[in-house]
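Input: a single structure, listed below in structure tokens.
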Amino acid sequence: MKLTILKDEFKKGLTYVERICAKNITLPILNHVLLSAGKNQLKLVTTNLEIASLYFCLAKVEKEGEITVPVRTLSDTVSLTETPSLDIEAKGKTLSLIGEDTKVQIKGMDPKDFPIIPKIEKSQEIEMNPKPLSEGILQVIDFCSPTQTRPELSGVFFSFSKDQLKIVTTDSFRLAEKTLFFEKPQELFEEKSFILPRGAAREIINMFSENENKIKLFCSSGQVMFESYFADSQNPQAQLISRLIEGEFPDYQAVIPKGYHTQVVLDKKQFLNKIKTASIFAGGGNEIMLSVDPKKSKVEISAQNTDLGEAALEIKAGAKGEKVKTCFNWRFLFEGISKIQTEEFIFELNQEGGPGVIKPKDNQDFLYILMPIKQG
């Protein structure tokens, strides 16, 4: 393998692919990046066996070939060099980097030992804008279940129809749903859904959130690939390939209340401030009490701690429906409301231990459902 590449292009590619590599003692090859030189490009590949990250760098290739080297060592070396371009050559298991101020040799491993990256058939594609996709994932990703006893709850559920995508997460105590609408209906489209591991969803944000061009999604049995392209080209620039989580996501639509007993419109900033104050006096279960009296147009927020004392706070609010009193985990409540992107939000409450529903006031593209704490 022998080629010349711009240093900044090489650095950008390494930044893309190195994030998924964690130090692996049992399988050292997973700490490596696979460099494959082909026609006019250098392909960089890393994997943690669940996710594979690929980046294609433009390069002047004199001799094709491949090698694997430790990705952190290579990335640190390239980042610190000040030369505008690098000559790269692989002989055996050694990679040489030569620039105006740099001459480095890095010991690698046999590329045949690198894990095989699955091939994704490009039979049906879904085209998306990367920025709203990344922002949508960011709104819901914190509500995945942290436990692996129910793996179907540990990932992010994607449900596609012809004109929209719903992104959903739940830990069984709360649930978040984000709806993204396509600019135009997807052609020749069959409805599909899958559960993406949380790590892969995070990597979508890392890899594609700054992309100005659209990305495409391709799905095959047990695997999915997100792909971005060079400007004004159909040649791939970056790919993220991930296995999918087996299992069936819960029928979450069944938990969404069809109505409400009480509806309140609240100022997001003021309400979060009141929750924070009440949380100082919350008990070990993080409980705070909400009392709504629509006739008085206010919400009372209270908390009590036998060691510290108690707090009783009020906030003005437009409310309708019945008088209601219910208890929530203040942290779960705070985290859900924090994801609202409007200054005001709607809070719908139900009697008899029914869930609370939180959504933006003027936009119905986000939904957060929280189960109350049962009082003894």
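Scalar couplings 3J(HN,Hα) for the range 224-237, obtained by applying the Karplus form with A = 6.51, B = -1.76, C = 1.60 to θ = phi - 60°, are 9, 9, 10, 9, 10, 10, 5, 4, 6, 8, 9, 7, x, 9 Hz; x denotes Gly and Pro. Label positions at Ser161 and Thr179, each projected 7 Å from the Cα along the C-beta direction, are separated by 0.8 nm. The largest-to-smallest principal axis extents of the Cα set in the range 2-113 are 37, 26, 22 Å.
Projecting the Cα atoms of Gly99, Leu290, Asn363 onto the charge dipole of the chain, computed from C-beta unit charges around the Cα centre, puts Leu290 farthest toward the positive end. Between the listed residues Ile195, Ile340, Gly353, the Cα displaced farthest toward the positive end of the dipole of the chain, a dipole computed from Cβ unit charges relative to the Cα centre, is found at Gly353.
Taking each of Lys91/Lys214; Lys11/Lys178; Lys131/Lys268 in turn, the alpha-carbon distance tops 28 angstrom for Lys91/Lys214; Lys11/Lys178.
Of all aspartates and glutamates in the structure, those lying under 14 Å Cα to Cα from Lys296, and not within fewer than 8 positions of it along the same chain, are Glu314, Glu322. The ranking of Met207, Met371 from fewest to most other beta carbons within 10 Å of each one's beta carbon is Met371, Met207.
Computed from label points 7 Å out along Cα-Cβ, the spacing between Leu6 and Gln364 is 4.8 nm.
Restricting things to alpha carbons, find the Rg to Rh ratio for the range 28-79 using the Kirkwood radius for Rh.
Numbers: Rg = 11.3 Å, Rh = 11.6 Å.
My calculation of the ratio gives 0.98.
Relative contact order, whole percent, for the range 2-113 stands at 29, derived from Cα pairs under 8 Å and 6 or more residues apart. How high is the relative contact order of the chain, in percent, counting Cα pairs under 8 Å that sit 6 or more residues apart? It comes to 12 percent, rounded to a whole number. Across every pair of non-identical alpha carbons in the range 269-342, the mean reciprocal distance, once inverted, gives a Kirkwood radius of 12.6 Å. Using every pair of separate Cα atoms, the Kirkwood estimate puts the hydrodynamic radius of the range 125-250 at 14.8 angstrom.
In order along the range 80-88, phi translates into HN-Hα couplings of 8, 6, 9, 6, x, 9, 10, 8, 10 Hz, rounded to whole numbers, per the Karplus curve 6.51 cos²θ - 1.76 cosθ + 1.60 with θ = phi - 60° and x for Gly and Pro.
More than 27 Å apart: what percent of Cα pairs in the chain qualify? Summing the P(r) tail past 27 Å for the chain gives 57 percent.
State the extension gain, in nm to one decimal, for the chain segment bounded by Lys131 and Lys39, taking 0.36 nm per residue of separation less the distance between their alpha-carbons. Walk me through the numbers on the way to the answer.
Details: separation 92, 0.36 × 92 = 33.12 nm, distance 3.09 nm.
Stretched fully, the Lys131-Lys39 segment lengthens by 30.0 nm.
Its DSSP H runs of at least 4 residues, each contributing -39,500 (n - 2.57), put the calculated 222 nm mean residue ellipticity of the chain at -5000 deg cm²/dmol, to the nearest 500. Each residue in Leu6, Leu34, Leu217 was given a count of other beta-carbon atoms within 10 angstrom of its own, and listing them fewest first yields Leu6, Leu217, Leu34.
Distant-in-sequence amide contacts of Thr102, defined by a placed amide H-H separation under 5 Å and a gap of 5 or more residues or a different chain, comprise nothing.
If R0 is 35 Å, what FRET efficiency do you get for Gln124 and Ser79 from their C-beta distance, rounded to 0.05?
Efficiency computed from Cβ-Cβ geometry: 0.35.
Note on the chain: with a GNM built from Cα contacts shorter than 10 Å, the maximum mean-square fluctuation among Ser233, Ser154, Ser172 falls on Ser233. For the range 256-370, the relative contact order is 31 percent, taking Cα pairs closer than 8 Å that sit 6 or more residues apart in sequence and dividing their mean separation by the residue count.
Remark on Gln164: its backbone amide H falls under 5 Å from those of Phe182, a criterion applied only to residues 5 or more positions apart or on other chains, H modelled at 1.01 Å from N.
Restricted to Cα atoms, the range 246-376 shows a radius of gyration and a Dmax of 14.6, 50 angstrom. Quick one: putting +1 on the C-beta of Lys and Arg, -1 on the C-beta of Asp and Glu, what dipole do you get for the range 125-250 around its Cα centre, in Debye to the nearest 20? The dipole magnitude comes to about 280 debye. In the range 79-127, the inverse of the mean reciprocal separation of distinct Cα atoms equals 14.1 Å; this is its Kirkwood hydrodynamic radius. Applying the Karplus relation 6.51 cos²θ - 1.76 cosθ + 1.60 with θ = phi - 60° to the range 367-374 yields 3J(HN,Hα) values of 9, 10, 10, 10, 7, x, 8, 6 Hz, where x marks Gly and Pro.
The dipole here belongs to the chain: it is taken about the Cα centre, uses +1 on the Cβ of Lys and Arg and -1 on the Cβ of Asp and Glu, and is about 380 debye.
All of the numbers you see were taken from the coordinates with simple rules; none came from a lab. Please read these numbers as outputs of a predicted model, since none were measured by experiment. FYI the Cβ positions are ideal-geometry reconstructions off the backbone, even for glycines, and counts take in every protein chain you see.
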